[in-house]
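For reference, the structure is listed below as structure tokens.
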Amino acid sequence: MRPDGERGIYGVVHFAHRAVGAVPLDDAGRVLLVGQWRYALDAWSWEIPEGGARPDEDPLDAARRELAEETGYTAREWRELLRAHLSNSVTDEVAVVWLARGLEAGVPSPEGTEQLELRWVPFAEALAMGHDGRITDALTILALQRLALHRLRPAP
């Protein structure tokens, strides 16, 4: 039954995995973005390093794995930035994103389906990319905006 008492169909896509992401931020205030072709959109997309955490996998461990696979970087410091439902009208997908600091370069090892390009962007430009449409990935936009709020908040 629908909320108005009428009969209806309500479809929900259940996700076995959780979405995870990392905002790699270096000491110069730059964000490392990952560019890739998104088949579902038939378009190129700039995003934070992100992927999925298996049900039996700790989401932070998955974010660490995604950062290393997609960029080659590891981070010494991790701070949770946000938890969100990405499309709560049709899915139960949960996303968790961390800020990754204390970065060390390594060698990326992308999956066979990924052809990635990496780009360091000043944080203000990355934020602007989300505002002007150069970044359209919801998780990336949410993460950058949340980080902007944290950076503007005065220290206690």
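The values are calculated or read from the model by the stated rules, or taken from the named source; none is laboratory data. Keep in mind that this is a model prediction, so the values were computed, not measured. Backbone-built Cβ (ideal geometry, glycine too); neighbour counts: all protein chains shown.
Does the stretch 53-74 contain any residue that is closer than 21 Å to ARG151 by Cα and not charged (D, E, K, R)?
Kept after step one, since they are closer than 21 Å to ARG151 by Cα, are these residues of the stretch 53-74: none.
No - not one qualifying residue is present in the stretch 53-74.
Checking each residue in the stretch 26-43 for being free of Cβ contacts under 8 Å to residues at least 12 places away in the same chain and under 12 Å from GLU114 (Cα atoms) picks out ARG38, TYR39.
How many residues does the stretch 112-137 contain that are under 15 Å from GLN36 (Cα atoms) and either surrounded by fewer than 15 Cβ atoms within 10 Å (Cβ to Cβ) or under 14 Å from the mean Cα position of the chain (by Cα) (or both)?
Step one: list which residues in the stretch 112-137 are under 15 Å from GLN36 (Cα atoms), which gives 112-120, 134-137.
Within this subset, residues satisfying the condition of being either surrounded by fewer than 15 Cβ atoms within 10 Å (Cβ to Cβ) or under 14 Å from the mean Cα position of the chain (by Cα) (or both) are 112-115, 117, 119-120, 134-137.
Looking only at that region, the number is 11.
Residues VAL23, VAL13: which one is over 19 Å from PRO108 (Cα atoms) and either in contact with a Ser or Thr (Cβ under 8 Å, 6 or more places away or on another chain) or crowded, with 19+ Cβ neighbours inside 10 Å (or both)?
Values: VAL23 fails: over 19 Å from PRO108 (Cα atoms).
Just a single option satisfies the conditions, and that option is VAL13.
Residues in the stretch 59-112 that are modelled with pLDDT of 95 or more and polar (S, T, N, Q): THR71, THR74. Residues in the stretch 27-51 that are touching a strand residue (DSSP E or B) at 6+ places or on another chain (Cβ under 6 Å) and surrounded by fewer than 16 Cβ atoms within 10 Å (Cβ to Cβ): 4 in all.
Out of ALA95, ALA68, which single residue is more than 13 Å from VAL31 (Cα to Cα), in contact with a Leu (Cβ under 6 Å, 6 or more places away or on another chain) and surrounded by 15 or more Cβ atoms within 10 Å (Cβ to Cβ)?
Working: ALA68 fails: in contact with a Leu (Cβ under 6 Å, 6 or more places away or on another chain).
Going through ALA95, ALA68 in turn, just one is more than 13 Å from VAL31 (Cα to Cα), in contact with a Leu (Cβ under 6 Å, 6 or more places away or on another chain) and surrounded by 15 or more Cβ atoms within 10 Å (Cβ to Cβ): ALA95.
The criterion of at least 3 residues that are farther than 13 Å from GLY21 by Cα is met by the following helices (runs of 4 or more DSSP H) wholly inside the stretch 59-156: 123-132, 138-152.
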